[in-house]
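Structure first, commentary second.
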Amino acid sequence: MKFDVSVALTWILFLALFPMAFFWFRRAWRILVRRDFSEVALKRGESPPNPEKYAPYALAINLIAGAVVAVVIVGVILGQLEYNTWTAAAGSTIWCKFFLDFALSRQAHGLAKGKQATPKT
């Protein structure tokens, strides 16, 4: 039997969908039900000054991403999705979730008043 890297990577992607969906649904649950905004729009581990303002956006991002991944999991298990379809849907969802979370965190924290360069004399 020959080891095939592409089969291993496919299994890794599929198995990784389970914890991703769990964590995304758990984050949405915390925002919606528990009103816990401690994980909303984090930047370097810190919440923005007003996380409740950005909570609906974080809730929508997590719910939509979790739902898409859950549909992909069910579709693969039931044999309803072809390989190219479910890998494209899963991969696009993961990347879009990361980019949208990044954009939301940057929007929530505003422009940083970072270190200003001191002129050399």
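Listed here are the residues, each with its yes/no results for (1) surrounded by 15 or more Cβ atoms within 10 Å (Cβ to Cβ); (2) among the β-branched types (V, I, T); (3) in contact with a strand residue (DSSP E or B) (Cβ under 9 Å, 6 or more places away or on another chain); (4) more than 14 Å from S105 (Cα to Cα).
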residue: R26; (1), (2), (3), (4): no, no, no, yes
residue: P49; (1), (2), (3), (4): no, no, no, no
residue: A58; (1), (2), (3), (4): yes, no, no, no
residue: L63; (1), (2), (3), (4): yes, no, no, yes
residue: V68; (1), (2), (3), (4): yes, yes, no, yes
residue: L78; (1), (2), (3), (4): no, no, no, yes
Kindly list, by first and then second residue, each pair from a residue in segment 60-85 that is in contact (Cβ under 8 Å) with a residue 24 or more places away in the chain and within 16 Å of A16 (Cβ to Cβ) to a residue that is of a type in the set (S, T, N, Q) and buried (at least 19 other Cβ atoms within 10 Å of the Cβ), limited to pairs with Cβ atoms under 8 Å and residues at least 6 apart or on different chains. A65/T93; V68/T93; V69/T93; V72/T93
So for segment 48-59 (the condition being modelled with pLDDT under 95, in contact with a helix residue (DSSP H, G or I) (Cβ under 8 Å, 6 or more places away or on another chain) and over 19 Å from F102 (Cα atoms)), does at least one residue qualify? no
Quick check: anything in segment 112-121 modelled with pLDDT under 95, on the phi < 0 side of the Ramachandran plot and in contact with a Pro (Cβ under 6 Å, 6 or more places away or on another chain)? no
Pick from segment 10-24 the residues that are loosely packed, with under 13 Cβ neighbours inside 10 Å and more than 14 Å from the chain's Cα centre (by Cα): which of them is farthest from P51 (Cα to Cα)? W11
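The values are calculated or read from the model by the stated rules, or taken from the named source; none is laboratory data. All values reported here derive from a predicted model rather than from experimental measurement. Because the Cβ atoms are built from the backbone with ideal geometry, glycine has one as well, and the counts that use them run over all protein chains shown.
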